[in-house]
Amino acid sequence: MHQNLSSKLVCIVVYTLFLFSVSCNNAKNNESGNAVSSDPKIAALKLPADFHADHLYSPGIHDQGSWVAMTFDDKGRMIASDQYGNLYRLTIPPIGSDTTQNKIKVDSIVLQLTDTSKWARRIGYAHGLLYAFNSLYVMVNDEGDTAHSKPSGLYRLQDTNGDDQYDKITLLKRLEGDGEHGPHSIVLAPDGKSLYIIAGNFTKIPKMDNYTAPPVWQIDNLFPLIRDPNGHDNSVNTHGGWIAQIDSMGANFNLISAGFRNPFDLAFNESGDMFTFDSDMEWDFGTPWYRPIRICHVPSGGEFGWRPGTDKWSPSFPDNLPQLLNIGQGSPTSVFSGINSHFPEKYRRSIFAFDWSFGIVYAIHPQAEGAGYKASAEEFVSGSPLPLTDGMIGPDGALYFLTGGRRLESDLYRVYYQDNKQDTEKLSTPDLTEIQKLRRKLETYHTSPKPGAVDFAWPYLKNDDRFIRYAARIAIEHQPVNEWKEKAVNEKDPVTLIQASIALAREGGKDERENVLKALCAIDFSKLNEPQQLDLLRAIELVLYRFGLPAVVVKSQVIAYLDAQYPSKSNMLNRSLSKELIFLDAPDAVEKTMALMANAKDDVDEQKSFTQSSDLIMRNPQYGMDIAGMLSDVPPQQQTYYAVALSEAKNGWTPELREKYFQWFYKAFGYKGGHSFIGFIDLARKNALKNVPKDKFAYFNTISGDSIVTRAHMGLAANAVQPKGPGKDWEVDTAMALLKDGLNNRNFAQGKAMFAACLCSTCHTMRGEGGTIGPDLTQLGTRFSYKDMLVAIVDPSKSISDQFAAKVFYLKDGSSVIGRLMNEDADKYYISQNPFAPQSLREIAKKDVLRTRLSEISVMLPGLINRLNAEELKDLLAYLKAGGNPQDSIFSAKK
């Protein structure tokens, strides 16, 4: 939507004031003890009062890649890893000394192996590093050419002869998965006796020795499953991202938690409780299944409900745990505790969490609440661009962090408080409350079966604290089901019955279906509070999903029970009731749901997060105005939920209801959601069209917007402006020479026209317009420098995001096939080979495939800017840097 001139001026004035306030804050910090830095990278950082920063090193200057992981060894040296290359060891000057780059000693780590037949002498490609037990643990993240790297997994490097060189390498655990959602970090346990590892949702859970988190995961959602229409998570493991514990020798592998999207790191607070920072699926923005990036407290056996496409679990589901704190949008990377820092106590008790996308280090302040926690947050360090990859507290008590990733320019920084000589007495550990002790006692039963476990845990299934109920149920699930299934069915307390039924649905068999459903439907719904009602509906859903439809008599009883509660006054209750009644083919489900859909209003605080849109506007008008524009026409989430739920309803339709239903889709195609919103809505529409009479298909197909879907937001026009030229074979260096004096007074209209003429808009979205087969470029300027942009344009194969990479399928007949993997099932791969028709899929039988790997060739063609002359190229770069914002100061007001 277009803003009026006055509102645009307000945004510009606000941002100017914001920049002024930041510069004043930095000046104040400098006056508090440090000389004003001449390094522009330090000057661009926003720091808390009395904190100072050093820019220590730039790997790219020395052709050492883009660093994404770090640790410190027992001699105080840093070890870092290039995302696509070697390990490096650094000796860093102490605080207050000369930190110019030539004062930092950096060596590439080369394995001194006597037997080189099995392993190459170099190791790297690490997303996680940890020095512990006189060893360097390396989490290799690569399934490519093993001639230059080890395959993904956890490795242990040792120096067995004391010559300060690693001469022994041991693969502790092979992990199947790689890339940005592959295996990530390694963290030492609070007691120093074991290790924890964390992996994203493209990493399969290997066979474990123990399962603290029961391995019974299924999608467990009656809501229609529509996988991501752009193919991102269509081959994702049902269990999502996960956390496991392992001993120093690689034995006793124990699954601790699962159900994340893509958490990169984890940390423990002073009480020994675990926290992580999970990512969102930004393409889901504006849908009812979108989940912001979020801080999670991770107790024993925790499940967090990440599932493919539309079927992500609601945080209200009792069989998963809620977020501790929603942050907003971004790309989570490093997480670590401030316990060992030389910072004020407030920060020593904090968990630090990095956001790569928007260059923010958050300080999270957890506070015990019941058996769990509540938390607040603050922005600790920020910059733009500042693509944060990894960080930790060094042996000197300072905070060290890296920027880079995806082959971006990489830097090493150090942040410290005052003169870094603060009193650092050991932090006192808060005494555990009785309810915290109870949770930990229940967690001792999250292992193999133990005598007395059922009797001990059973009373706590009805505890008022959600984390206690959860811990008690997991304890029950670890015991043989025959010991407690009759107890569950015969339970008279309604809350206990609900939780026991959830356990029985997860661990039991179909023979319990009718008895459990009858017992649940005997509960007086009106005497439960809303969270208990949601738990009851979830128990019914799990029984139906796991065990299927019951016999006719019981099915009728369940329909009557649910129908009596529908509609409810609560959006969340109505979501559960609508999908269950539609699944059961209840006679009145369509009519009731359509009536709700007509007047549905969204809950204002459903996705409330720490970072609000107003905060983003002041931080960065380019991103903030884009979000503000999206929020000005955001899809109605409750209506969207009902529309998708109804897409599988076969009966109960009248001609009038069908007319209204399909007309809703036409309007919905005009909403501004995330990258996949239009695709999700279109697939729901197509599913619904399967249920209309054949002679009415063409009519409903037309009124539901088929004609506008095919041209949706491609951003192309028949009379598009073409480059005047003359062009040239642009290289990065020659293009960068155009920018020596910066970019000012550029032509917005010409920049936008060149964006289309170079076919950028065919594949990429800018401010809600364009194609969807490549990354959204609206926030490009906040993340990437001009050089980064030019490298990506001139040599697009140099760095390829996992989300958009093609795969090479090597077939048994000796041939190979290249395409983007859009979906897979037990028998076939479904790949897209035409970037301009991504929904046209080719099928490959899995039995014919020998192996696969990510293609090193980008689907984006090089040379797309070679028709442009110098001025046209500068306008295009300005357009990209401004994120398509015509009010950006880079453009001339007259153009």
Look through Leu412, Leu427, Leu402 and report the one residue that is touching a residue at least 60 places away in the same chain (Cβ under 8 Å), in a strand (DSSP E or B) and more than 21 Å from the chain's Cα centre (by Cα). Leu412
When segment 637-683 is examined, which residues are found to be buried (at least 23 other Cβ atoms within 10 Å of the Cβ), in a helix (DSSP H, G or I) and among the hydroxyl-bearing types (Ser, Thr, Tyr)? Thr640, Tyr641, Tyr642, Tyr661
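For residues that are assigned to a helix (DSSP H, G or I) and farther than 19 Å from Phe891 by Cα, scanning just segment 747-771, find the one that is farthest from the chain's Cα centre (by Cα). Full working, then the answer.
So in segment 747-771, the residues assigned to a helix (DSSP H, G or I) come out as 748-757, 760-763.
Next, from what is left, pick out any that are farther than 19 Å from Phe891 by Cα: 757, 760-763.
Details: Ala757: 33, Cys760: 26, Ser761: 25, Thr762: 26, Cys763: 22 Å.
Out of the qualifying residues, it is Ala757.
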Condition first: within 25 Å of the chain's Cα centre (by Cα), modelled with pLDDT under 85, buried (at least 16 other Cβ atoms within 10 Å of the Cβ) and in a helix (DSSP H, G or I). Can you find one or more residues in segment 804-815 that meet it? yes
Can you tell me which residue within segment 548-605, out of those that are part of a loop (DSSP other than H, G, I, E, B) and of a type in the set (Lys, Arg), is farthest from Asp311 (Cα to Cα)? Lys569
Consider Gly391 carefully, then state whether it is in contact (Cβ under 8 Å) with a residue 24 or more places away in the chain, within 20 Å of the chain's Cα centre (by Cα) and open to solvent by less than 20 Å² (accessible area, probe 1.4 Å). yes
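Step by step: first the residues of segment 415-424, then only those that are touching a residue at least 24 places away in the same chain (Cβ under 8 Å) and more than 32 Å from the chain's Cα centre (by Cα), then the one that is farthest from Leu461 (Cα to Cα). Which residue is that?
So in segment 415-424, the residues touching a residue at least 24 places away in the same chain (Cβ under 8 Å) come out as 415-422, 424.
Pick out the ones that are also more than 32 Å from the chain's Cα centre (by Cα) and you get 418-422, 424.
Values: Gln418: 50, Asp419: 52, Asn420: 49, Lys421: 49, Gln422: 47, Thr424: 42 Å.
So, considering only residues that are touching a residue at least 24 places away in the same chain (Cβ under 8 Å) and more than 32 Å from the chain's Cα centre (by Cα), the one farthest from Leu461 (Cα to Cα) is Asp419.
Would you say Trp283 is out of contact with any strand residue (DSSP E or B) (no Cβ under 8 Å at 6 or more places or on another chain) and at pLDDT below 95? Let's see the steps before the verdict.
Working: out of contact with any strand residue (DSSP E or B) (no Cβ under 8 Å at 6 or more places or on another chain): yes; at pLDDT below 95: yes.
Spelling it out, Trp283 is indeed out of contact with any strand residue (DSSP E or B) (no Cβ under 8 Å at 6 or more places or on another chain) and at pLDDT below 95.
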Is it true that Asn262 is crowded, with 22+ Cβ neighbours inside 10 Å, touching a helix residue (DSSP H, G or I) at 6+ places or on another chain (Cβ under 6 Å) and closer than 27 Å to Val138 by Cβ? yes
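I'd like the residue in segment 192-250 that is within 24 Å of Ile678 (Cβ to Cβ) and of a type in the set (S, T, N, Q) and, out of all such residues, is surrounded by the most Cβ atoms within 10 Å (Cβ to Cβ). Before the answer, list the steps.
If we filter segment 192-250 for residues that are within 24 Å of Ile678 (Cβ to Cβ), which is where we start, we get 201, 219, 221, 223-236.
Next, from what is left, pick out any that are of a type in the set (S, T, N, Q): 201, 221, 230, 234-235.
Working: Asn201: 28, Asn221: 22, Asn230: 22, Asn234: 17, Ser235: 17.
The qualifying residue surrounded by the most Cβ atoms within 10 Å (Cβ to Cβ) is Asn201.
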Being in contact with a helix residue (DSSP H, G or I) (Cβ under 8 Å, 6 or more places away or on another chain) and either part of a loop (DSSP other than H, G, I, E, B) or loosely packed, with under 13 Cβ neighbours inside 10 Å (or both) narrows it down to one residue among Ile95, Ile61; which is it? Ile61
With the condition being of a type in the set (A, V, I, L, M) and in contact with a Phe, Trp or Tyr (Cβ under 8 Å, 6 or more places away or on another chain), I'd like the helices (runs of 4 or more DSSP H) fully within segment 468-525 carrying at least 2 qualifying residues. 494-507
Which of the residues that make up segment 376-388 are polar (S, T, N, Q) and open to solvent by 20 Å² or more (accessible area, probe 1.4 Å)? Ser376, Ser384
Which one of these is surrounded by fewer than 21 Cβ atoms within 10 Å (Cβ to Cβ) and touching a Ser or Thr at 6+ places or on another chain (Cβ under 9 Å): Ser271, Ser300? Ser271
Note down all Cβ pairs under 6 Å where the first residue falls in segment 275-300 and is under 21 Å from Gly231 (Cα atoms), the second is outside any loop (DSSP other than H, G, I, E, B) and among the aliphatic types (A, V, I, L, M), and they're at least six residues apart or on different chains. Ser279/Ile293; Asp280/Ile293; Ile293/Ile327
So which residues in segment 74-92 are touching a Gly at 6+ places or on another chain (Cβ under 9 Å), in contact (Cβ under 8 Å) with a residue 60 or more places away in the chain and either over 16 Å from Asp411 (Cα atoms) or part of a loop (DSSP other than H, G, I, E, B) (or both), if there are any at all? Gly76, Gln83, Tyr84, Ile92
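Give me a count of the residues in segment 176-191 that are of a type in the set (D, E, K, R), part of a loop (DSSP other than H, G, I, E, B) and buried (at least 18 other Cβ atoms within 10 Å of the Cβ). Show your work before the answer.
Pass one, segment 176-191, residues of a type in the set (D, E, K, R): 176, 178, 180, 191.
Pick out the ones that are also part of a loop (DSSP other than H, G, I, E, B) and you get 176, 178, 191.
Now drop any that are not buried (at least 18 other Cβ atoms within 10 Å of the Cβ), which leaves 178.
Residues in segment 176-191 being of a type in the set (D, E, K, R), part of a loop (DSSP other than H, G, I, E, B) and buried (at least 18 other Cβ atoms within 10 Å of the Cβ): 1 in total.
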Go through segment 774-796 and count every residue that is open to solvent by less than 20 Å² (accessible area, probe 1.4 Å) and of a type in the set (Val, Ile, Thr). 2
Considering only segment 341-376, how many residues are of a type in the set (S, T, N, Q), closer than 19 Å to Asp431 by Cα and not in a loop (DSSP other than H, G, I, E, B)? 1
Residue pairs meeting the criteria (Cβ under 9 Å; at least 6 apart or on separate chains; first more than 15 Å from Trp217 (Cα to Cα), in segment 543-558; second surrounded by fewer than 13 Cβ atoms within 10 Å (Cβ to Cβ) and among the basic types (Lys, Arg)): Gly548/Lys510
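Look at Ile844 and say whether it is modelled with pLDDT of 85 or more and under 22 Å from Ile226 (Cα atoms). If you could, list the steps in order and put the result at the bottom.
Values: modelled with pLDDT of 85 or more: yes; under 22 Å from Ile226 (Cα atoms): yes.
Yes: the conditions hold for Ile844.
Which residue, of Leu461, Leu438, Leu442, is within 21 Å of Pro531 (Cβ to Cβ) and either open to solvent by 10 Å² or more (accessible area, probe 1.4 Å) or not in a helix (DSSP H, G or I) (or both)?
Numbers: Leu461 fails: either open to solvent by 10 Å² or more (accessible area, probe 1.4 Å) or not in a helix (DSSP H, G or I) (or both); Leu442 fails: either open to solvent by 10 Å² or more (accessible area, probe 1.4 Å) or not in a helix (DSSP H, G or I) (or both).
Of Leu461, Leu438, Leu442, the one residue that is within 21 Å of Pro531 (Cβ to Cβ) and either open to solvent by 10 Å² or more (accessible area, probe 1.4 Å) or not in a helix (DSSP H, G or I) (or both) is Leu438.
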If the Cβ limit is 7 Å and pairs must be 6+ apart or interchain, which residue in segment 854-880 that is farther than 30 Å from Gly177 by Cβ pairs with which residue that is buried (at least 16 other Cβ atoms within 10 Å of the Cβ) and of a type in the set (Lys, Arg)? Lys874/Arg746; Asp875/Arg746; Ala878/Arg746; Tyr879/Lys752
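So, in segment 397-435, of the ones that are of a type in the set (D, E, K, R), at pLDDT below 95 and farther than 30 Å from Ser331 by Cα, which residue ends up surrounded by the most Cβ atoms within 10 Å (Cβ to Cβ)? First the steps, then the outcome.
At the first step, the residues of segment 397-435 found to be of a type in the set (D, E, K, R) are 406-407, 409, 411, 414, 419, 421, 423, 425-426, 431, 434.
Then keep just the ones that are at pLDDT below 95; that gives 406-407, 409, 419, 421, 423, 425-426, 431.
Add one more test, that the residue is farther than 30 Å from Ser331 by Cα, and what stays is 419, 421, 423, 425-426, 431.
Details: Asp419: 13, Lys421: 11, Asp423: 6, Glu425: 7, Lys426: 8, Asp431: 8.
Across segment 397-435, the extreme among qualifying residues is Asp419.
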If you check Glu477 against the conditions, is it crowded, with 16+ Cβ neighbours inside 10 Å and at pLDDT 95 or above? yes
When segment 240-287 is checked residue by residue, the ones that are more than 16 Å from the chain's Cα centre (by Cα), part of a loop (DSSP other than H, G, I, E, B) and of a type outside the set (Ser, Thr, Tyr) are Met249, Gly250, Ala251, Asn252, Phe253, Asn269, Glu270, Gly272, Asp273
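Which of the residues spanning segment 527-547 are over 19 Å from Ala649 (Cβ atoms), open to solvent by 30 Å² or more (accessible area, probe 1.4 Å), assigned to a helix (DSSP H, G or I) and not charged (D, E, K, R)? Walk me through it before giving the result.
Just the residues of segment 527-547 that are over 19 Å from Ala649 (Cβ atoms), to begin with: 527-536, 538-539, 542-543, 546-547.
The next check asks that each one be open to solvent by 30 Å² or more (accessible area, probe 1.4 Å); those that pass are 527, 529-532, 546.
From the residues that got through so far, the ones that are assigned to a helix (DSSP H, G or I) too are 527, 530-532, 546.
Passing the criteria: Pro531, Gln532.
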Over segment 339-354, the set of residues more than 13 Å from the chain's Cα centre (by Cα) and more than 14 Å from Asp423 (Cα to Cα) is Arg349, Ser350, Ile351, Phe352, Ala353
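The values are calculated or read from the model by the stated rules, or taken from the named source; none is laboratory data. Note that this is a predicted model, so its numbers are computed, not measured. Here Cβ is always computed from backbone atoms with ideal geometry, including for glycine, and neighbour counts include all displayed protein chains. Protein only, heavy atoms only, side chains kept; ligands, DNA and RNA dropped before computing areas. Shrake-Rupley method; radii C 1.70, N 1.55, O 1.52, S 1.80 Å.
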